[in-house]
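K.L.:
Structure incoming, see below.
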Amino acid sequence: MTLLQLEIFIAIHDTGSFTKAAESLNLSQSAVSHSLQTLEGELGIALFDRSKREIRMTEAGAAFLPHTREALNQTRIIEQKALSLTQLESGTVKLGCFPSFAANLLPELLVGFQTKYPNIECIVMEGDYYDIANWVKTGVVDIGFSIDPRSELSFDPLFDDSMLVVMSDSHPLKDRPTIAVDGIAEEPYINVGGYEQLLDLILQNTSIRLNVKYHLSNTYSILAIVRAGLGVTLLPSLAIPEEATGIVARPLAPAFNRSIGMVTRSASTLTPAALALMNFSKERIAGKCIRN
């Protein structure tokens with residue numbers, strides 16, 4: 001069993017194609033196919049079901065996958081620790097983040113980090129809270145910028161982001177300094193995809209049931225509905241574009257904040273490059289006021 005065989009196995013899973021896996025690794029398709037067959041022969045199990053037009057991972061392959069990612073991750077740690085002994089700042093960091101973080105904070109963070117560490121490559125994946133937690137857990141990414149997953153994963157908080165009631169600028173409640181959740185219980189409500197966990201926390205220990213009329217996930221769609229006076233919603237401050245017009249956002253009463261931070265399996269599983277990004281993020285972001 002070789003590291004290349006493991007890389008090929010993961011590439012086939014991640015791309016869903018022998019051809020795309022070969023392209024991503026700069027190998028021929030025949031080399032990829034032969035390597036996988038050799039690996040399956042050595043293990044004595046089939047990792048993929050090739051009986052149909054599409055490639056499907058077998059149950060054995062699914063069980064093998066997380067251990068393969070961990071093996072390659074440990075190899076990266078060894079390589080980068082060896083490089084760090086010769087004071088070479090290099091390596092690759094894989095990041096997961098949610099859309100509003102990617103739009104508002106990530107660009108400046110990456111520019112600063114890559115200016116300080118020009119030889120460290122950053123690969124970014126965007127998803128919701130559930131995606132990010134799963135990516136960290138399975139080793140797809142090294143660090144996830146997200147809310148506390150409240151699981152066995154490690155969470156290092158960076159800042160708090162307040163939840164706001166968002167309505168049109170002609171709404172009767174627009175002049176109130178704060179708004180309680182029960183104050184919008186009868187309003188047409190826009191349920192925002194990906195924020196269900198936060199909404200559950202806001203509504204816990206209450207008997208309030210919101211009048212959900214819309215199920216949306218795109219911020220621009222949500223704000224268009226709000227701007228037209230067709231509904232209200234709850235959004236984190238970071239998710240509201242600064243240039244948004246025709247809307248008003250007021251703090252919840254009592255106040256509710258989502259804690260944004262870095263999700264990892266543990267510090268011991270991070271490569272030197274990932275640790276460098278983690279420490280840099282703490283220096284640049286931790287405790288700072290992101291939005292007024």
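Coordinate-derived values only; no laboratory data. From a predicted model like this one, the values you see are computed outputs, not experimental measurements. For neighbour counting, all protein chains shown are included, and Cβ atoms are generated from backbone atoms with ideal geometry for every residue, glycine included.
K.L.:
Is the stretch 142-292 rounded, prolate or oblate when judged by the Cα gyration tensor, a ≥ b ≥ c being the square roots of its eigenvalues, rounded requiring a/c under 1.5 and prolate requiring a/b larger than b/c?
P.N.:
Prolate, because a/c is 1.5 or more and a/b exceeds b/c.
K.L.:
Continuing with the same structure: Please rank 189, 195, fewest neighbouring Cβ atoms within 10 Å first, as an exposure proxy.
P.N.:
Sorted ascending by nearby Cβ count, the order is 189, 195.
K.L.:
On to the next question. Relative contact order, percent, of the chain when contacts are C-alpha pairs under 8 Å separated by at least 6 residues?
P.N.:
22
K.L.:
Helix-only estimate, please: 222 nm mean residue ellipticity of the chain, summing -39500 (n - 2.57) across DSSP H runs of length 4 or more and dividing by its residues, to the nearest 500.
P.N.:
The per-residue figure over the chain is -13000 deg cm²/dmol.
K.L.:
What list do you get for 94, 116 if you sort them by fewest beta carbons within 10 Å?
P.N.:
116, 94
K.L.:
Report, in debye and to the nearest 20, how large the dipole of the stretch 1-124 comes out about its Cα centre when Lys and Arg carry +1 and Asp and Glu carry -1 on their Cβ.
P.N.:
Dipole size: approximately 140 debye.
K.L.:
When ranked by the protection proxy of mean other Cβ atoms within 10 Å per residue, highest first, what sequence do the peptides 20-28, 161-169 form?
P.N.:
Packing order, densest peptide first, comes out as 161-169, 20-28.
K.L.:
Still on this structure, please answer the following. Which of the three applies to the stretch 1-74, rounded, prolate or oblate, going by the alpha-carbon gyration tensor with a ≥ b ≥ c and a/c under 1.5 meaning rounded?
P.N.:
In terms of gyration-tensor shape, rounded.
K.L.:
Specify whether the C-alpha gyration tensor of the stretch 86-136 places it in the rounded, prolate or oblate class, a ≥ b ≥ c being the square roots of the eigenvalues: rounded for a/c under 1.5, otherwise prolate if a/b is larger than b/c and oblate if not.
P.N.:
oblate
K.L.:
Another question, if that's okay. Neighbouring Cβ atoms within 10 Å as the yardstick, rank 49, 160 fewest first.
P.N.:
49, 160
K.L.:
A follow-up question, please. Going by Cα centres, the stretch 255-284 and the stretch 39-73 are how many Å apart?
P.N.:
When both Cα centres are located, 31 Å separates them.
K.L.:
If you restrict to DSSP beta bridges whose two residues both lie in the stretch 161-257, what percentage is antiparallel, to the nearest 5?
P.N.:
Antiparallel bridges: around 60 percent, rounded to the nearest 5.
K.L.:
Hey, another quick one. Would you indicate which of (i) 51; (ii) 36; (iii) 28 is the value of percent of Cα pairs over 34 Å apart derived from the coordinates of this structure?
P.N.:
Given (i) 51; (ii) 36; (iii) 28, the structure-derived one carries the label (ii).
K.L.:
Moving on to the next point. With both bridge residues required to lie in the chain, what share of the DSSP beta bridges run antiparallel, to the nearest 5%?
P.N.:
Counting DSSP beta bridges with both partners in the chain, the antiparallel share is about 60 percent.
K.L.:
Using modelled amide H (1.01 Å from N, peptide plane; none on Pro or chain starts), what sits under 5 Å from the amide H of residue 58, excluding residues fewer than 5 places away?
P.N.:
Residues meeting the amide H criterion: 48, 49.
K.L.:
Note down the magnitude of the dipole of the chain about its Cα centre, charges +1 on Lys and Arg C-beta and -1 on Asp and Glu C-beta and zero elsewhere, to the nearest 20 debye.
P.N.:
140
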